[in-house]
Amino acid sequence: MRSVVVGASLAGLRAAESLRQRDPHGQVVLVGAEATLPYTRPPLSKQILSGEWEPERSLLRSQQDLAAMCIDLHLGSRATGVDLRRRTVAVQRDAGGAFELEFDRLVIATGASARRVAGLEGAGSRLFHLRTLDDAVALKAELDRSQRVLVVGGGFIGAEVASTARGRGLDVVLVEPQPVLLLRGLGPRLGRVCTSLHESRGVHVRCGVTVASATPAHGGLRVGLSDGSEVEVDCVVAGVGAEPSTDWLVGSGLALGNGVRCDEACRVLDERGQPVPGVVAAGDVARWRHPERGEIRLEHWTNAQEQASAAVATLLADEAGEPAAPFAPVTYVWSDQHGRKIQVVGEPPNEHGIRVVRGSEEEGVLLALVESEVGRLVGAVGIGMAGPLVKARQLLAGGASVEQAVRDLRE
């Protein structure tokens, strides 16, 4: 059996390793568009950008490690199409030359690419995104020679970049169109807590505005905002989310729409909504039917790792004629900002009520439970509460009621 994994990020690597462990004698091929060995992304906006880590420290495996596992690695090779009838993937090498890979099993793990921001076209080479290791290295070099930075986007990546840049002593302006930072991940109440955290550390937070223009000025950039104000900075970092990398699948017959659409066990669906035999997806590119939350797509480290293993388990279960387990994790995401760990398990509190059971919003250190409209415990948020958050995650996974969780987590 030949298994082809397209995408050499965390999800792709974990899928390849899982295939090798479960099928010691099959052929495993890992195709990656970047020339760099698989690496972990969370340090890009923190340890690498701050200079605490050298880029090589983020690598997950060495060339020798992958060779020892008999994983056939093709780096700097971009998938350009898939033919489901012939069971082939078309690949284009950056160095020149194209080839095809036949497959019995296919894992789609091509991740996502940074979303572009309208209005910043005039920033030229002073505009940076942070999605890849090369992006992080280039941005760090720019921060080494800068004093003033504009960060566009107040989600997790933008907030982390602002935190790291401020920790390096730079003057940081953080622009976010929503009324608070981290609105999508934390909801309005806890988003205000994190907004206050950034302001207390000296970040100039500008919520409710967008970027209108960018022009060269005084050796840097003059950036116009939608409220008519202007800021002069040395560089701009855009962190406004990511787009799933599915361009190479257009016309393949697979169901696309904010990612590769999958069933509850990570099987990829065709345009008629039917699972394609032997084809699964995992990581940032996969949009699957969570049994409780409906169709979702997650761009989190933990999800990429867990979903890759689950997708491979589905492939082998289908081959054996056995039922495949739905992928229904208690989702988990974390972020480090200004020395404070922010963690979310389960559903974020965007549309639900929250109940603070430890700490307080005024202190900016707290543990909050997320409660559904019918009073069911569906999530938890910890800000500077790493220990108690672990217990909250266990209670959530065990199906605890809100009242039970309140009793167990009260100080």
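Within the stretch 183-193, does at least one residue satisfy the condition of being at pLDDT 95 or above, out of contact with any helix residue (DSSP H, G or I) (no Cβ under 7 Å at 6 or more places or on another chain) and within 30 Å of residue 31 (Cα to Cα)? Checked against the condition, which is being at pLDDT 95 or above, out of contact with any helix residue (DSSP H, G or I) (no Cβ under 7 Å at 6 or more places or on another chain) and within 30 Å of residue 31 (Cα to Cα), the stretch 183-193 yields no hits at all. Annotation note: of 243, 264, 295, the sole residue that is touching a Ser or Thr at 6+ places or on another chain (Cβ under 8 Å) and either within 19 Å of residue 105 (Cα to Cα) or not polar (S, T, N, Q) (or both) is 243.
Quick grid of which residues meet (1) surrounded by 15 or more Cβ atoms within 10 Å (Cβ to Cβ); (2) touching a Lys or Arg at 6+ places or on another chain (Cβ under 8 Å); (3) not hydroxyl-bearing (Ser, Thr, Tyr):
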{"site": "98", "(1), (2), (3)": "no, no, yes"}
{"site": "103", "(1), (2), (3)": "yes, yes, yes"}
{"site": "120", "(1), (2), (3)": "yes, no, yes"}
{"site": "134", "(1), (2), (3)": "no, no, yes"}
{"site": "139", "(1), (2), (3)": "yes, no, yes"}
{"site": "142", "(1), (2), (3)": "yes, yes, yes"}
{"site": "147", "(1), (2), (3)": "no, no, yes"}
{"site": "152", "(1), (2), (3)": "yes, no, yes"}
{"site": "160", "(1), (2), (3)": "yes, yes, yes"}
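Taken together, the residues in the stretch 95-130 that are touching a residue at least 40 places away in the same chain (Cβ under 8 Å), part of a loop (DSSP other than H, G, I, E, B) and more than 25 Å from the chain's Cα centre (by Cα) amount to 2.
Of all the residues in the stretch 179-220, those that are more than 24 Å from residue 125 (Cβ to Cβ), over 25 Å from the mean Cα position of the chain (by Cα) and assigned to a loop (DSSP other than H, G, I, E, B) number 2.
From the list 347, 371, the one residue that fits, being of a type in the set (D, E, K, R), under 21 Å from the mean Cα position of the chain (by Cα), surrounded by 18 or more Cβ atoms within 10 Å (Cβ to Cβ) and more than 30 Å from residue 20 (Cβ to Cβ), is 347.
Candidates in the stretch 58-80 are the residues that are in contact with a Phe, Trp or Tyr (Cβ under 6 Å, 6 or more places away or on another chain) and assigned to a strand (DSSP E or B); of these, the one that is farthest from residue 23 (Cα to Cα) is 80. Here is a check on your reading of the model: is residue 312 of a type outside the set (D, E, K, R), at pLDDT 95 or above, in contact with a Ser or Thr (Cβ under 7 Å, 6 or more places away or on another chain) and on the phi < 0 side of the Ramachandran plot? When the stated conditions are applied, residue 312 passes them.
A search for C-beta distances below 7 Å between a residue of the stretch 234-253 that is over 23 Å from residue 78 (Cβ atoms) and any residue that is loosely packed, with under 15 Cβ neighbours inside 10 Å, counting only pairs 6+ apart in sequence or on different chains, returns 234/147; 240/115. Selection of the stretch 8-17 for residues being more than 10 Å from residue 304 (Cα to Cα) and open to solvent by 10 Å² or more (accessible area, probe 1.4 Å) yields 8, 17. Sort out which residues of the stretch 27-51 are open to solvent by less than 10 Å² (accessible area, probe 1.4 Å) and either of a type in the set (Lys, Arg) or assigned to a loop (DSSP other than H, G, I, E, B) (or both), and write them in order of number. If the condition is that a residue be open to solvent by less than 10 Å² (accessible area, probe 1.4 Å) and either of a type in the set (Lys, Arg) or assigned to a loop (DSSP other than H, G, I, E, B) (or both), then 32, 38 are the ones that fit. Annotation note: of 169, 224, the sole residue that is out of contact with any helix residue (DSSP H, G or I) (no Cβ under 8 Å at 6 or more places or on another chain), more than 18 Å from residue 126 (Cα to Cα) and either surrounded by 16 or more Cβ atoms within 10 Å (Cβ to Cβ) or not hydrophobic (A, V, I, L, M, F, W, C) (or both) is 169. Among the residues of the stretch 290-314, those identified as open to solvent by 60 Å² or more (accessible area, probe 1.4 Å) and touching a Pro at 6+ places or on another chain (Cβ under 8 Å) are 291, 301, 306. Here residue 241 fulfils each of the conditions (1) at pLDDT 95 or above; (2) under 25 Å from the mean Cα position of the chain (by Cα); (3) surrounded by 14 or more Cβ atoms within 10 Å (Cβ to Cβ); (4) closer than 30 Å to residue 179 by Cβ apart from (1).
The values are calculated or read from the model by the stated rules, or taken from the named source; none is laboratory data. Since this is a predicted model, take the numbers as computed values, not measurements. Every residue, glycine among them, receives a Cβ derived from its backbone with ideal geometry; neighbour counts consider all protein chains shown. Just the protein is used for accessible areas: all its heavy atoms, side chains included, with ligands, DNA and RNA removed. Shrake-Rupley method; radii C 1.70, N 1.55, O 1.52, S 1.80 Å.
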